[in-house]
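Heads up: the structure comes next, in structure tokens.
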Amino acid sequence: MGIKAALPRYELYLYSAVLAAALIWAGSWISEASSENVNRKAFKESVKPGWHYFGRKMDVADFEWMMWFSTFRNHILFALMGHVVFAKIFTLLAPKIGIDGCKHRSLIFAVYGCLAVLITMGWTFMALVLSHCVVLYSFALVKKKWLIFAAGLTTLASIKLEPYNSWQEALVTGSFDLQDILFYGGCGFSIMRCTSFALENCERKDGNYTFSDLLRYNFYLPFFFFGPIMTFDRFHAQVNNTQLTRKERELWNITTKALQHLGVILVVDVFFHYLYILTIPSDMKLVSKLTDWSLAGLAYSNLVYDWVKAAVMFGVINTVATLDHLDPPQPPKCITMLYVFSETHFDRGINDWLCKYVYDYIGGDHDKIFKELLATICTFAITTLWLGPCQLVYIWSFFNCFGLNFELWVAKLFSIPPFSTIEGLMGEGMSRRIRGVFNAANFWTIVLYNVLALNSLEFAKLVGRRLIFKGFPLSTLSVLLVTYCGVQLVKERERQQALLDDPEPVKAVDGGKEKAE
């Protein structure tokens, strides 16, 4: 059935009321658990003094968030602002010395990026990154995709697997809190960018891209350490565009987004003083005493927080990139809006890279079962290497790979008689409701499969047991009911967007192409 199938307005109001009440109810349980256990011994390391005047302590369990918006906030902002100021000064001075600033701006970005990396990490790290660039550029000249993939993945494995990663890390002298993150982030993203460059060079019919093109691409500072990854074809086309004009109200929109990010940071700070959603899952003794609703709220809120973190961190970087007249990968889709595995990702840059070079390349139109299976296995194999092979990542990759394929199997099954015939006899509204039931169950498989990567396998197993087995039928059905309400509201938002994008009546869609709603 089409995405434009509508439901009565009063029904949607009811869904909204049920969802709001459930979120408030679950949030109250988490807030109560946070306040009553703030002085637990297990909380000592991750709950620190916060608002002194309000007598509130703060959840500081996420080092990455604290690094970005507390501990090293000024250093990161100084580096990004320096990038903007450096580029602006060059733009103003370039015409006076007879240089086309628009034409050579990628070079200026790379010069500042190289200087920033060199000053921050030292010459040995710089030499290591350049060696990765040289190796992969050499393979790019061969123009054999399988050879490039072999070289790229081998290079990536060298910083993910022992003892090779320890040996390379030992080359970087000095010691400071950010060194590990900057080392693995800088090397990892650099290798992925170099591989993208090499693969795009294979597609070039006349000649080769230059080593200078690779350096300009790789050492663009806003993307260097933390991503997101922008594939070389997109970056090269945009950064070499000499027609630098702003759309109407573009600067206003950039400013508005920057203020929105600031507002979200403040909201997260408030939540961290009242809801210890990151610390509680680490204390399994406390978690085992919580209600089923608290566990469901904890699992859901951890995924929402991870999306918020990615959206804000990438949003800050994207703001700088937009000022440079680039169109960077957008933040990931919120977990609340997801009910299918095919749209689940937490880093749109990595997702775009994998889809372009692996998933779509092997899977084609994604309607053949065996091609889809091969495409997903290859995609998650590379993802496993990217995340760092370990038991938790293996489990995460297996279940998400299975979930993606299972969706296709179910879609294929229900596209043949008698299921397709039965659905054809239903009204569009009823079809949407029935699909919503399956989507609600699918939503919680997405939550459970991904929360184990954010928290722990033990926490994910406990949530699964409580919601599926011990809590059946009351907790299980009530959580699914609330999730069903949320899914229908998401579908309504998609329906309204579809009407805006295409106000014409929906045309018949080929069975194999229809999105699993």
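The values are calculated or read from the model by the stated rules, or taken from the named source; none is laboratory data. Keep in mind it's a predicted model, so treat the numbers as computed, not measured. Note: ideal-geometry Cβ built from the backbone for every residue, glycine included; neighbour counts use all protein chains shown. The accessibility values were calculated without ligands, DNA or RNA, using every heavy atom of the protein model including side chains. Shrake-Rupley method; radii C 1.70, N 1.55, O 1.52, S 1.80 Å.
Given the structure, is I24 under 18 Å from L298 (Cα atoms) and either under 26 Å from the mean Cα position of the chain (by Cα) or surrounded by fewer than 18 Cβ atoms within 10 Å (Cβ to Cβ) (or both)? The answer is yes for I24. Here is a check on your reading of the model: is K257 in contact with a helix residue (DSSP H, G or I) (Cβ under 7 Å, 6 or more places away or on another chain) and open to solvent by 70 Å² or more (accessible area, probe 1.4 Å)? For K257, the condition - in contact with a helix residue (DSSP H, G or I) (Cβ under 7 Å, 6 or more places away or on another chain) and open to solvent by 70 Å² or more (accessible area, probe 1.4 Å) - is met. Note on segment 228-287: residues that are assigned to a helix (DSSP H, G or I) and within 30 Å of A198 (Cβ to Cβ) amount to 8.
Out of all the residues in segment 186-215, which are open to solvent by 10 Å² or more (accessible area, probe 1.4 Å), in a helix (DSSP H, G or I) and farther than 23 Å from Y164 by Cα? Across segment 186-215, the qualifying residues are E200, C202, E203, F211, S212, D213, L215. So K103 clears everything in (1) part of a helix (DSSP H, G or I); (2) at pLDDT below 95; (3) of a type outside the set (A, V, I, L, M); (4) farther than 19 Å from G82 by Cβ except one condition, right? Which one? So the condition that K103 fails would be (1).
Loosely packed, with under 15 Cβ neighbours inside 10 Å and more than 25 Å from the chain's Cα centre (by Cα), is that true of V172? When the stated conditions are applied, V172 does not pass them. In summary, E372 fulfils each of the numbered conditions (1) open to solvent by less than 20 Å² (accessible area, probe 1.4 Å); (2) modelled with pLDDT of 85 or more; (3) under 20 Å from the mean Cα position of the chain (by Cα) with the single exception of condition (3). Could you list, in sequence order, the residues of segment 313-336 that are surrounded by fewer than 20 Cβ atoms within 10 Å (Cβ to Cβ), closer than 21 Å to P281 by Cβ and within 11 Å of the chain's Cα centre (by Cα)? Passing the criteria: only C334. Filter segment 48-70 for residues that are among the hydroxyl-bearing types (S, T, Y) and either closer than 21 Å to A311 by Cα or in contact (Cβ under 8 Å) with a residue 60 or more places away in the chain (or both) and give the result. Selection gives S70 alone.
Restricting attention to segment 126-154, the residues that are open to solvent by 20 Å² or more (accessible area, probe 1.4 Å) and of a type in the set (V, I, T) total 4.
Scanning segment 411-424 for residues that are open to solvent by 50 Å² or more (accessible area, probe 1.4 Å), out of contact with any helix residue (DSSP H, G or I) (no Cβ under 8 Å at 6 or more places or on another chain), among the hydrophobic types (A, V, I, L, M, F, W, C) and closer than 21 Å to Q488 by Cα yields a total of 0. Restricting F176, F183 to those that are in a helix (DSSP H, G or I) and modelled with pLDDT under 95 reduces the list to F183. Residue count for segment 343-369, restricted to those that are acidic (D, E) and either open to solvent by 50 Å² or more (accessible area, probe 1.4 Å) or over 20 Å from the mean Cα position of the chain (by Cα) (or both): 4. In segment 446-477, the residue that is least open to solvent (accessible area, probe 1.4 Å) out of those that are among the β-branched types (V, I, T) and over 17 Å from the mean Cα position of the chain (by Cα) is V463. Taken over segment 36-89, residues that are at pLDDT below 80, closer than 30 Å to R105 by Cβ, open to solvent by less than 90 Å² (accessible area, probe 1.4 Å) and assigned to a helix (DSSP H, G or I) amount to 1. Residues in segment 288-303 that are open to solvent by 50 Å² or more (accessible area, probe 1.4 Å) and in a helix (DSSP H, G or I) were compared, and the one that is nearest to S456 (Cα to Cα) is Y300. Note on segment 155-169: among residues that are touching a residue at least 60 places away in the same chain (Cβ under 8 Å) and surrounded by fewer than 16 Cβ atoms within 10 Å (Cβ to Cβ), the one that is nearest to the chain's Cα centre (by Cα) is A157.
The residues of segment 216-242 that are within 19 Å of A310 (Cβ to Cβ) and crowded, with 20+ Cβ neighbours inside 10 Å, listed by number, are P222, F223, F224, F225, G227, P228, I229, M230, T231.
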